[in-house]
Amino acid sequence: MPIYVICHQELPCFPLPAEAEIIWLNATPPVNPDGRKIHYGYDLIPEGPTLHQKLSGGFGPMVINHLLQTTTQSDECVALWQYRKFVTRERYGRPSNVYGGTHELSVAEAASLALSADPEPG
C-alpha cells in the first residue's frame, strides 16, 4: 500500500516507513530531505500555488490523485499522513488544550515512536 505524507512547512520529526513518499506543497524545497522520495505538488498540478491557497487541505489529496492517475499503481488503498498529525489506535502524549479530542506530543516523544502504516486486519 502506498504511503503518502503531506507536508508544506517541515518534514516529519518522527520516523517514517522506508516506502513513505512525501507530498511537498511549498515553492521552497524542504530542508534536509535525507534521501526521501519527494513529489513537488506545485510542479505536478498546473496553478498549484493558487489552488493550494483556495483549497487548503484539499490540495494534497488532489496531488495524490494526480500521482495515482499518472502512475501504475496496483493497490486499491493508500495511506495518507499529515506531517504534524497521525491517527493511531493507541493514545500517545497528553490531551490537547487547544484541539479537543486530540493528544499532543513533543518532538522528542514523536521521534521515539515506531509507527506502522498498516491498517488493522479486517
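The values are calculated or read from the model by the stated rules, or taken from the named source; none is laboratory data. All figures in this text were calculated on a predicted structure; none of them were measured in a lab. Cβ: placed from backbone, ideal geometry, glycine included. Neighbour counts: every protein chain shown. Please note that ligands, DNA and RNA were not included when accessible areas were found on the heavy atoms of the full protein model with its side chains. Shrake-Rupley method; radii C 1.70, N 1.55, O 1.52, S 1.80 Å.
Taking the condition of a type in the set (Gly, Ala, Ser) and either exposed (fewer than 11 other Cβ atoms within 10 Å of the Cβ) or under 15 Å from residue 78 (Cα atoms) (or both), does residue 18 pass?
yes
Open to solvent by 30 Å² or more (accessible area, probe 1.4 Å) and within 18 Å of residue 1 (Cβ to Cβ) - does that describe any residue in region 43-52?
Checking region 43-52: not a single residue is open to solvent by 30 Å² or more (accessible area, probe 1.4 Å) and within 18 Å of residue 1 (Cβ to Cβ).
Name the residues in region 55-70 that are open to solvent by 60 Å² or more (accessible area, probe 1.4 Å) and at pLDDT below 85, would you?
Once the filter is applied, which keeps residues that are open to solvent by 60 Å² or more (accessible area, probe 1.4 Å) and at pLDDT below 85, region 55-70 yields 55, 56.
Under the condition of being small (Gly, Ala, Ser) and farther than 16 Å from residue 53 by Cβ, which residue from region 16-31 is modelled with the lowest pLDDT?
Residue satisfying both the conditions and the ranking: 18.
Filter region 78-106 down to the residues that are among the polar types (S, T, N, Q) and at pLDDT 80 or above, then identify the one that is nearest to residue 10 (Cα to Cα).
Out of the qualifying residues, it is 106.
Within region 7-20, is there a residue that is within 21 Å of residue 105 (Cβ to Cβ), of a type in the set (D, E, K, R) and touching a residue at least 60 places away in the same chain (Cβ under 8 Å)?
Yes; the residues of region 7-20 include at least one that is within 21 Å of residue 105 (Cβ to Cβ), of a type in the set (D, E, K, R) and touching a residue at least 60 places away in the same chain (Cβ under 8 Å).
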